[in-house]
1. How do Ile27, Ile42 rank when sorted from fewest to most other Cβ atoms within 10 Å of their own Cβ?
2. Run through the DSSP bridge list for the chain and note the antiparallel percent, rounded to the nearest 5.
3. Neighbouring Cβ atoms within 10 Å as the yardstick, rank Thr30, Thr139 fewest first.
4. Would you please calculate the Kirkwood hydrodynamic radius of the chain over all C-alpha pairs and express it in Å, rounded to one decimal?
5. Specify the residue with the greatest mean-square fluctuation among Arg96, Arg146, Arg64, computed from a Gaussian network of the chain linking alpha-carbon atoms under 10 Å apart.
6. Counting Lys and Arg as +1 and Asp and Glu as -1, each charge on the Cβ, what is the dipole of region 1-155 about the Cα centre in debye, to the nearest 20?
7. Given Cα pairs under 8 Å that are at least 6 residues apart, what percent is the relative contact order of the chain?
8. Quote the Stokes-Einstein diffusion coefficient, in whole µm² s⁻¹, for region 82-137, based on the Kirkwood radius over alpha carbon pairs, a temperature of 10 °C and a viscosity of 1.306 mPa s.
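Bear in mind that the values in this text are calculations on the coordinates, not laboratory data. Given the structure is predicted, the values throughout are model-derived calculations rather than measurements. Please note: Cβ atoms are built from the backbone with ideal geometry, for glycine as well, and neighbour counts cover all protein chains shown.
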Amino acid sequence: MNKGTLYLFDTTVLLALIRGRELGRYINHTFTLSDVINKPLISVVSHGEIWVMAERNGWGEKKRQALSEMLGDLVTLDLNDRSIIEAYVEVDKKNRSHPKGARVLSDNDKWIAATSRAASAVLLTTDQDFIHLNPDVCTAHYVDPRSRLPQSNAGTQQELP
């Protein structure tokens, strides 16, 4: 992907980035998120999903603050937009008319896909729930959750005091 690509994060990508582990580092590096021209997007639905995860998993104040800051650095799209509502109908229609039979997609995922479509953004996700929508309804880019950055042969260097 290039620096001008507009991304919309699925909640799974948000989770990987906030955890800051291997997968999050892979996503950040691979999609050059610190260098993109357009601020990444997020559906307001993902705000609800990620805060529920924080509550259920007992995230501490430090992690909740980091989440709040991360969400503040993204552009949040509300659902109260005619183009998103129309896209939601298209997502549902595609789910019902799939050649291999109807696909089950949670309502939250339908809203996230619809937001991606309406914004003409690439939907970054670490689950395969959106693949059947690609490319007809929205552009979904699946990132395998096992993805890791290659290990450097040079070893690690420690900072000097």
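1. Ile27, Ile42
2. The antiparallel fraction comes to roughly 0 percent.
3. Thr30, Thr139
4. Evaluated on the chain, it is 16.8 Å.
5. Arg146
6. 360
7. 28
8. Taking Rh from Cα pairs, D becomes 143 µm²/s.
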